[in-house]
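Right, one structure below, let's go through it.
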Amino acid sequence: MEEAEAEETPLITLSSSFNNGIQWERGRLIGKGSFGSVFLASLKPHISKHTIFPPIMAVKSAEISVSETLQKEKQNYDNLKGCNSLIQCFGEEITTGHNGQMIYNLLLEVAAGGTLAHHINNTGGKGLAENEVRSYTKSIIKGLIHIHQNQYVHCDLKPENILLVPINTTKGRRFIAKIADLGLARRISKTKPSHCLRGTLSYMAPESLIHGVQESPSDIWALGCLVLEMLTGTRPWTAVDKAGIAKQIMEENGMPKIPEGLSAEASGFLKNCLVRKSKFRFTAEMLMTVPFMTAAEEQDQDFVRAPSFVTKRPRQFKRQGTIPIKAVRLIN
């Protein structure tokens, strides 16, 4: 099973002096995701305003020897262009470290609101308001429709892989959710099933663990787990270790608990996603028509409150010294 494991990979020494791109300068480390480390980057002062790059980007980097997943992610972004509900990719570039090692860099849209996981954690286990969940879910479903229509499966839908991006509206600034981390996404095979499982155990569908099947309905199951987590502020399964989670998923009637107190629309949405038999799950297109989502149409002009950890965009980036880091693979 391909999963983001906490394994050590070769040490990377990243310095703005040796690891800048042709048009951009590497800033501070902002996160370590699956198969790479993420940095803030800004355009060099002399670069023309007509460049294809935005003023600020997120740069996901790994040593070239362990960058296969990042390179696959770039290919997936290329094949899934044209959807505003996916994080935008601006290209790739190879830089050279001060020790002579080659660094692969994937240039991505920056998300000032951070991850959805961080936003959920900030609620202290209370969960997000339903109107906020509706707004984020609507954008995620639009992304899934695009992914599935292009014969892809995301395979690792979870709060850590949903980023919050600010947009300007007539009523001010709001945040939309965008699907990120396409490194484990794969094309749907019409000839043979894939028996190489990808993703994070807590969000895997029953058919994936029991039969080794990972198709578009598996993304819908993961979406149900994700929405449940937004609403409750807690993980979908009560078990805390891998063996316990796998056992709960594979039990004949194993199902994440839908708590009382949710609206009928929210409960109905979850029941349409969390169906053990994949053929009876709603598709992404069908989910856009259920009451929980049609209510989101009515609130489109409302604000989604800004995550509490969002800060103002920096006016400039300071050059940094050498920053020793390790490219790690994380499990969530």
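The values are calculated or read from the model by the stated rules, or taken from the named source; none is laboratory data. Here the structure is a predicted model, which means the values were calculated and not measured. Backbone-built Cβ (ideal geometry, glycine too); neighbour counts: all protein chains shown. The area values use the complete protein model at the heavy-atom level, side chains included, leaving out ligands, DNA and RNA. Shrake-Rupley method; radii C 1.70, N 1.55, O 1.52, S 1.80 Å.
Which one of Lys81, Lys126, Lys72 is within 19 Å of Val38 (Cα to Cα) and basic (Lys, Arg)?
Checking each option against the conditions leaves just Lys72.
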Filter result for Thr289 (open to solvent by 80 Å² or more (accessible area, probe 1.4 Å), at pLDDT below 95 and not charged (D, E, K, R)): no
Test: Lys257 is among the basic types (Lys, Arg) and either within 26 Å of Ala185 (Cα to Cα) or buried (at least 20 other Cβ atoms within 10 Å of the Cβ) (or both): no
His119, sole failed condition from (1) at pLDDT 95 or above; (2) out of contact with any Asp or Glu (no Cβ under 8 Å at 6 or more places or on another chain); (3) assigned to a strand (DSSP E or B): (3)
Hey, Gly124 surrounded by fewer than 19 Cβ atoms within 10 Å (Cβ to Cβ) and in a loop (DSSP other than H, G, I, E, B) or not: yes
Failed criterion for His119 (all others in (1) farther than 28 Å from Asp78 by Cα; (2) of a type outside the set (Val, Ile, Thr); (3) surrounded by fewer than 22 Cβ atoms within 10 Å (Cβ to Cβ) hold): (3)
Selected residue (criterion: surrounded by the fewest Cβ atoms within 10 Å (Cβ to Cβ)) from residues of region 196-253 that are without any contact (Cβ under 8 Å) to a residue 24 or more places away in the chain and outside any loop (DSSP other than H, G, I, E, B): Ala243
Yes/no for Arg276 being surrounded by fewer than 18 Cβ atoms within 10 Å (Cβ to Cβ) and within 23 Å of Ala185 (Cα to Cα): yes
Residue among Gly21, Gly91 that alone is open to solvent by less than 20 Å² (accessible area, probe 1.4 Å) and modelled with pLDDT under 95: Gly21
Failed condition for Ala129, given (1) over 18 Å from the mean Cα position of the chain (by Cα); (2) closer than 28 Å to Glu68 by Cα: (2)
Members of region 96-107 that are surrounded by fewer than 20 Cβ atoms within 10 Å (Cβ to Cβ) and not in a loop (DSSP other than H, G, I, E, B): Thr96, Met102
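Quick one: in region 172-195, which of the residues that are at pLDDT 75 or above and open to solvent by 80 Å² or more (accessible area, probe 1.4 Å) is nearest to Lys74 (Cα to Cα)?
Among them, the one singled out is Arg187.
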